[in-house]
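Everything on this sheet refers to the single structure shown next.
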Amino acid sequence: MLCGETQGRKTDTRICQVRFIYLAPQITHMAIVAPSLLAANFLRLEEECKMLNESEADWFHLDVMDGRFVPNISYGPMIIEFIRKTTRKPCDVHLMILEPEKFAEEFKKAGADHVTVHIEACPNLHRNIQQIKSLGMQAGVAINPHTPVTSLIDVLQDIDIVLLMSVNPGYGAQKFIPHSLSKIRELRKLIDNWNLPVLIEVDGGVTLENAKDIVAAGADVLVAGNTVFQSKDPKATISQLRSIETAKTL
Ligand code: DX5
Ligand code: ZN
């Protein structure tokens, strides 16, 4: 039996059975590491910033709490302005506050590169995003553990970062909520289906033990407070978090 004829030449099926093995291209996915200074020793803030600068940390994660949206108060633009002076790394400001529109300009002046607001705190979320972008900063939207990923659908194309809370916001050193992994996967699918350049940042309870699963689920950015600052060797811990990678087939 013949499988083809080219310019009068007949080809034997056995020749046609030569198979090409197609190797799908892979991209490696490495975590961006954003240590949260909430867990730093504020009496030695300058040294802590120096340590982060000398480390492989990618961003400084700065948690602002107002005692209203969350049951805790942390620090505001004044402290961020000081931190900004110590570093050239991007300052990733996570606003756990009501009415963030009242402070966006102040955070810009303090030197924020990214400003993330909570969907639960913003009845006019799209306006908040426009404001942050018009000030020349990257815009992030954070969702709490009870907020579904689908609530982001109508703003996903307008933002740079989704911050997925894997603990309830307000405090460091809490335990990672396991259900967050399926939320990360769901969000990854949405972002990839629409081919959007949005980063998934996971915040709360990230440890050296669970970081691999978090990255494998699709996270781009790992926020880590206590895991970094309570570590015996914070720089080595940052390097370990940063070297976590997953291969993704295109
Ligand atoms: C919690 C903050 C987190 C916190 C994370 O509300 O948004 O950024 O600092 O701390 P760890 O990594 O210790 O859970
Ligand atoms: Zn945070």
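The values are calculated or read from the model by the stated rules, or taken from the named source; none is laboratory data. The structure presented is a predicted model; accordingly, all values stated were derived computationally and were not measured. Using ideal geometry, Cβ is built from the backbone for each residue, glycine included, and neighbour counts are taken over all protein chains shown.
Computed values, structure above
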item	result
Residue check, Ala34 crowded, with 19+ Cβ neighbours inside 10 Å, part of a loop (DSSP other than H, G, I, E, B) and under 22 Å from the mean Cα position of the chain (by Cα)	no
Some residue of the stretch 159-174 being farther than 18 Å from Leu222 by Cα, among the polar types (S, T, N, Q) and either more than 16 Å from ligand 1 (Cβ to nearest atom) or surrounded by fewer than 20 Cβ atoms within 10 Å (Cβ to Cβ) (or both)	no
Cβ pairs under 6 Å, 6+ apart, first in the stretch 142-160 and under 20 Å from Pro100 (Cα atoms), second hydroxyl-bearing (Ser, Thr, Tyr)	Ala142/Thr116
Residues within the stretch 96-143 that are touching a His at 6+ places or on another chain (Cβ under 8 Å), surrounded by 19 or more Cβ atoms within 10 Å (Cβ to Cβ) and under 17 Å from Val221 (Cα atoms), tallied	6
Unmet requirement for Leu196, which otherwise passes all of (1) within 15 Å of ligand 2 (Cβ to nearest atom); (2) over 27 Å from Pro71 (Cα atoms)	(1)
Matching option when the condition is among the charged types (D, E, K, R) and at pLDDT 95 or above, among Glu186, Glu245	Glu186
